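Read the structure below first, then the notes.
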Amino acid sequence: MCALEREREREGMGCFSCFSPRRNDVRRIEIENGPRSGTRHSADSSGCGYPGGGRGKDSYDNDNGKGKGTLNHNRGNSPKCSPARSFTFRELAAATRGFREVNLIGEGGFGRVYKGRLETGQIVAIKQLNHDGIQGFKEFLVEVLMLSLLHHSNLVTLIGYCTDGDQRLLVYEYMPMGCLEDHLFDLDPEKEPLSWNTRIKIAVGAARGLEYLHCKANPPVIYRDLKSANILLDNEFNPKLSDFGLAKLGPVGDNTHVSTRVMGTYGYCAPEYAMSGKLTLKSDIYSLGVVLLELITGRRAIDCSKKQGEQNLVSWSRPFLRDRRKFIQLVDPLLQGCFPVRCLHHAIAITAMCLQEQPTFRPLIGDIVVALEYLSSQTCTSEVHNSRVHSPPPQSSSV
Ligand SMILES: Nc1ncnc2c1ncn2[C@@H]1O[C@H](COP(=O)(O)OP(=O)(O)O)[C@@H](O)[C@H]1O
Ligand SMILES: [Mg+2]
């Protein structure tokens, strides 16, 4: 048994039978959950309830939670949005100059992501599904449907999609600072680490995005794939959640959970969900706790390059989270001591609550938003400025 497996067992996640990182870090996986008793529920077969599921688009609220039955999203906190449009493959090939390598900005579980310029001049990110069979197609459909209905300033905007032949592509607003993990881990020496204030700002925005999904969408949406790679950043480090291919409509009525095939990303997945397949809103809260821990520590949720006992961030951090005197040892050394200690204590307390083993003990997202907003009002004024500069992730492009 390798160190990571032992770690998983200790975390109660020994059931992960498949862990296949695609790059140097944690990748999205499909996790077959062995110990779960009973049969696999078919609830997952549609990925999301509404396509043909009898639950029409119109059951979605807009962002204020009051306007049931309306698809008008242009109020309150929602950015101005026009509906996602259909593109031809030719248009997207032209936008990326034939999907040239120089325009490649990332690659994830779904496929490759290119920077492109539309005919209108708008810069976009274009994600091309690798021909990975039914699961990929299902995620594509769920992504288009979810992002067509959900609009919030902390969710990425879907500009359009392409379904020419067997091609499946998604066109998003371009997020110039890339994803959060590009700014937290393995930084080039000349790149300035995120300050405490920026980390809190990102935490608040990510939590607000999740609050929208849990509390304003009707029925609620369980995101299922909250991780630092899915938090995209604009030029001012405003975060937006991306990748809704795994999202599920949450329990309605008296139901406390939905049963699904276990999907998610190793290291971010709540233990009870990994064990039983019972998905609740609290599964997302656990994942948020892992992201908060990454923001505080500057360590990856899973890091196989670390020594035994340090590879799984949550299990490594448990002894520190339990003892206030050890809180300081959790902090990312790249912060160079520039953070308000009181705020650090609060941030760690919030994180520890999110990471409770018992889902019912984890806080509701609304309470987390309030707590994080309080922290963001206590800004740290003693930030170090050095010669390192913030820069977008390395990517040149010819678009
Ligand atoms: N809208 C976007 N704007 C800018 N960069 C993006 C955008 N979407 C994705 N990326 C980049 O592409 C990478 C891969 O994205 P994705 O396919 O979602 O993979 P992952 O499984 O890592 O989330 C991201 O980590 C990010 O750096
Ligand atoms: Mg992603």
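The values are calculated or read from the model by the stated rules, or taken from the named source; none is laboratory data. Worth saying up front: this structure is predicted, and the values here are computed from it rather than measured. Here the Cβ is made from the backbone with ideal geometry for all residues, glycine too, and neighbour counts use every protein chain on show.
Scanning region 97-138 for residues that are within 13 Å of ligand 1 (Cβ to nearest atom) and assigned to a loop (DSSP other than H, G, I, E, B) returns GLY108, GLY109, PHE110, GLN122, ASN130, ASP132. Can you find, within region 151-175, the residue that is modelled with the lowest pLDDT among those that are surrounded by fewer than 19 Cβ atoms within 10 Å (Cβ to Cβ) and more than 27 Å from HIS214 (Cα to Cα)? Only one residue fits best here, namely ASP166.
Any chance you could count how many residues in region 229-255 are within 12 Å of ligand 2 (Cβ to nearest atom) and touching a residue at least 60 places away in the same chain (Cβ under 8 Å)? Break it down into steps so the answer makes sense when it comes.
Pass one, region 229-255, residues within 12 Å of ligand 2 (Cβ to nearest atom): 229-232, 240-246.
Next cut, touching a residue at least 60 places away in the same chain (Cβ under 8 Å) only: 229, 231-232, 240-246.
Summing the residues that are within 12 Å of ligand 2 (Cβ to nearest atom) and touching a residue at least 60 places away in the same chain (Cβ under 8 Å) in region 229-255 gives 10.
Residue-by-condition table, conditions (1) more than 16 Å from ligand 1 (Cβ to nearest atom); (2) of a type in the set (Phe, Trp, Tyr); (3) outside any strand (DSSP E or B):
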| site | (1), (2), (3) |
| --- | --- |
| ASP188 | no, no, yes |
| CYS215 | yes, no, yes |
| LEU226 | no, no, yes |
| ASP243 | no, no, yes |
| GLY264 | no, no, no |
| SER283 | yes, no, yes |
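Does LEU194 satisfy the criteria of being more than 14 Å from ligand 2 (Cβ to nearest atom), touching a Pro at 6+ places or on another chain (Cβ under 9 Å) and of a type in the set (A, V, I, L, M, F, W, C)? Answer is no for this residue. When LEU145 is tested against (1) within 18 Å of the chain's Cα centre (by Cα); (2) within 12 Å of ligand 1 (Cβ to nearest atom); (3) among the hydrophobic types (A, V, I, L, M, F, W, C), just one condition goes unmet, and that condition is (2). Annotation: GLY108 fulfils all but one of (1) away from ligand 2 (no atom under 16 Å from the Cβ); (2) of a type outside the set (Asp, Glu); (3) touching a residue at least 60 places away in the same chain (Cβ under 8 Å); the unmet one is (1). If you go through region 338-357 and keep only what is among the hydrophobic types (A, V, I, L, M, F, W, C) and touching a residue at least 12 places away in the same chain (Cβ under 8 Å), you end up with CYS338, PHE339, VAL341, CYS343, LEU344, ALA347, ILE348, ILE350, ALA352, MET353, CYS354, LEU355. On the stretch given as region 267-301, residues that are surrounded by fewer than 24 Cβ atoms within 10 Å (Cβ to Cβ), farther than 24 Å from ILE200 by Cα and not small (Gly, Ala, Ser) total 5.
The C-beta contact set for region 143-159 (first residue touching a residue at least 24 places away in the same chain (Cβ under 8 Å), second residue aliphatic (A, V, I, L, M) and surrounded by fewer than 20 Cβ atoms within 10 Å (Cβ to Cβ), distance under 7 angstrom, 6+ apart or interchain) comprises VAL144/ALA84; LEU147/ALA84; SER148/ALA84; LEU149/LEU71; LEU158/ALA84; ILE159/ALA84.
Would you check if there is a residue in region 219-228 being more than 16 Å from ligand 2 (Cβ to nearest atom) and more than 26 Å from PHE110 (Cβ to Cβ)?
no
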